[in-house]
Amino acid sequence: MRALLVILALLLAVPTNSQHIINMYDGVPYVEYDLLQRVAKDYLGPDVTIYYIHASPLHPMVNGITHRTHHRNYIIQLNYHQDQSELVRIETLLHELGHVIDGYQGRLTYNPITWDGQSYPPMEWKARPWEVSANEWSRCLFYEYVIEPELKRQGLIPTAGPRVKF
Ligand SMILES: [Zn+2]
């Protein structure tokens, strides 16, 4: 009994990776859910929850959007077009995850929006520093989770990894 209690205490003391990725609707492509889980595990704390809406009726010019609801709860919405490529979806998803990472790290705050503690006047989308950062995240995460595993798989760089296929 005592041994059991010790084991139980040890189990409770071990920090677990318990970020929550909650798919709001069925039919999320596996590659998207897998990327969400892996990026969250590597870059976000265990108290972060992301609600993922993979097919939202957003404005046709908008590929995705990220909201923070309260504390460390985020909603990521991706748009749905009939002719959307998986590549654009993944680049968008990684961009939105960049916003979550910047929010988690305290660089980006919502309502009001501030970046590194500063407010900005309304400005063009691509000039907004948090969008510049999210685009950088998208490129870096794409390399880390898509390109690098493929190069490893092909033996061009050492060690094999999972493959994302388009
Ligand atoms: Zn953005």
**Complete:** Residue hits (segment 96-142; in a strand (DSSP E or B) and polar (S, T, N, Q)) are Thr109, Thr114, Gln118, Ser119
**Asked** Here is a list of conditions, (1) surrounded by 15 or more Cβ atoms within 10 Å (Cβ to Cβ); (2) away from the ligand (no atom under 12 Å from the Cβ); (3) within 23 Å of Tyr30 (Cβ to Cβ), and Asn73 meets all of them except one; can you say which number that is?
**Response** (3)
**Message:** What pairs come out if I take residues in segment 112-124 that are more than 21 Å from Thr69 (Cβ to Cβ) and pair them with residues that are charged (D, E, K, R) and surrounded by 10 or more Cβ atoms within 10 Å (Cβ to Cβ) whose C-beta lies under 8 Å away, six or more apart or interchain?
**Reply:** Asp116/Arg107; Tyr120/Arg128
**Request:** May I ask you to verify whether Val48 is within 15 Å of Ile21 (Cβ to Cβ) and within 15 Å of the ligand (Cβ to nearest atom)?
**Result:** no
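Does Gln118 satisfy the criteria of being among the polar types (S, T, N, Q), exposed (fewer than 12 other Cβ atoms within 10 Å of the Cβ) and either at pLDDT 95 or above or within 12 Å of the ligand (Cβ to nearest atom) (or both)? Working first, answer last.
Values: among the polar types (S, T, N, Q): yes; exposed (fewer than 12 other Cβ atoms within 10 Å of the Cβ): yes; either at pLDDT 95 or above or within 12 Å of the ligand (Cβ to nearest atom) (or both): yes.
Spelling it out, Gln118 is indeed among the polar types (S, T, N, Q), exposed (fewer than 12 other Cβ atoms within 10 Å of the Cβ) and either at pLDDT 95 or above or within 12 Å of the ligand (Cβ to nearest atom) (or both).
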**Prompt:** On the given criteria, is Glu96 within 12 Å of the ligand (Cβ to nearest atom), under 23 Å from Tyr51 (Cα atoms), surrounded by 15 or more Cβ atoms within 10 Å (Cβ to Cβ) and not basic (Lys, Arg)?
**Reply:** yes
**The one condition in (1) within 14 Å of the ligand (Cβ to nearest atom); (2) loosely packed, with under 12 Cβ neighbours inside 10 Å; (3) in contact (Cβ under 8 Å) with a residue 12 or more places away in the chain; (4) not β-branched (Val, Ile, Thr) that Pro60 fails to fulfil** = (1)
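The values are calculated or read from the model by the stated rules, or taken from the named source; none is laboratory data. Note that this is a predicted model, so its numbers are computed, not measured. Please note: Cβ atoms are built from the backbone with ideal geometry, for glycine as well, and neighbour counts cover all protein chains shown.
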